[in-house]
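Where a number appears in this text, it was derived from the coordinates with a stated rule and is not lab data. Treat the numbers as computed from the prediction; the structure is a model and nothing was measured. Here Cβ is always computed from backbone atoms with ideal geometry, including for glycine, and neighbour counts include all displayed protein chains.
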Amino acid sequence: MTSTDDYSKQIKRLRCEIEETDAIVVGGGSGLSTSAGLTYSGKRFEENFSDFITRYDLTNMYTGGFYPYQTAEEYWAYWSRYIYVNRYDKPAGQPYLDLLKIVKNKDYFVITTNVDHQFHIAGFDKNRIFCTQGDYGLWQCSKPCHQKTYDNEMIVRRMVSEQEDMKIPSELIPYCPTNAR
């Protein structure tokens, strides 16, 4: 018996278990988004952040998020682009679409650490998804003085389109509407 035979048997068993079960809890992490092409380094990073890479010698998107940028305008230029390429500029990844086909007729619930909205974009019911680490598409007060979140798509798109010299216009810097932080 080869290892391929072992995997084939495991896949058949899993398929039967899924077909017979009443409910499914899906756990989705970064590997799912990586397999969908949402990589944070390499070609995708270089194509979207070449200016930041050149100026600050950044090696990947994630660590670039912790860089101590000199101004809020520059900080938000980086983060708006980061949010845009990871939340708004990517259609549903095939692994998410494939997973939805498997569970769509079941009583399912998704628990995910992914913040890229891929489960939503693929068509999973938003009431059956718990994003433990938030969502790139929502902002909230940095203090936080309250629990309300704010949709950021329009402002992120403006920040990206109006960037010049790796900075956004000062008037686009987001502030909490309650405490102006």
(message) Just to confirm a number: summing +1 for Lys and Arg and -1 for Asp and Glu over residues other than Tyr175 whose beta-carbon lies under 13 angstrom from that of Tyr175, what do you get?
(response) +1
(request) Taking Cβ-Cβ under 4.7 Å as the only way to count a partner, pick out the unpartnered cysteines of the chain. (result) Cys16, Cys131, Cys145
(request) Return the lysines within reach of Lys104: Cα separation strictly under 17 angstrom, same-chain partners fewer than 8 residues apart disregarded; answer none if there are no such residues. (result) Lys126
(request) Beyond 26 Å between alpha-carbons counts as too far, so tell me which of Lys90/Lys167; Lys9/Lys43; Lys43/Lys101 fall in that bin. (result) Lys9/Lys43; Lys43/Lys101
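Which FRET efficiency value, to the nearest 0.05, is calculated for Thr59 and Tyr175 with the Förster distance at 25 angstrom and r the Cβ-Cβ distance?
After rounding to 0.05, the efficiency reads 0.20.
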(message) Of Met154, Ile18, Tyr136, which is farthest towards the positive pole of the chain's charge dipole, taken about the Cα centre with +1 and -1 on the beta-carbons of Lys, Arg and Asp, Glu respectively?
(response) Ile18
(request) Determine the shape class of segment 24-136: with a ≥ b ≥ c the square roots of the Cα gyration tensor eigenvalues, call it rounded for a/c under 1.5, and otherwise prolate if a/b is greater than b/c, oblate otherwise. (result) prolate
(message) If I stretch the segment between Ile111 and Leu14 completely, what's the gain in nm (0.36 nm per residue apart, minus their alpha carbon distance), one decimal?
(response) 33.0 nm
(request) Determine the dipole magnitude for segment 24-136: charges of +1 sit on the beta-carbon of Lys and Arg, -1 on that of Asp and Glu, nothing else is charged, the reference point is the Cα centre, and the result goes in debye to the nearest 20. (result) 460 debye
(request) Show which aspartates and glutamates lie in cross-link reach of Lys12 when reach means a straight Cα distance below 19 angstrom and same-chain residues fewer than eight apart are skipped. (result) Glu20, Asp22, Asp98
(message) Which one, Ser41, Ile102, Thr71, is farthest towards the positive end of the dipole of segment 23-110 when Lys and Arg carry +1 and Asp and Glu -1 on their Cβ?
(response) Ile102
(message) Helix 72-83 against the longest principal axis of the chain: what's the angle in degrees, Cα atoms only, rounded to the nearest 10?
(response) 20 degrees
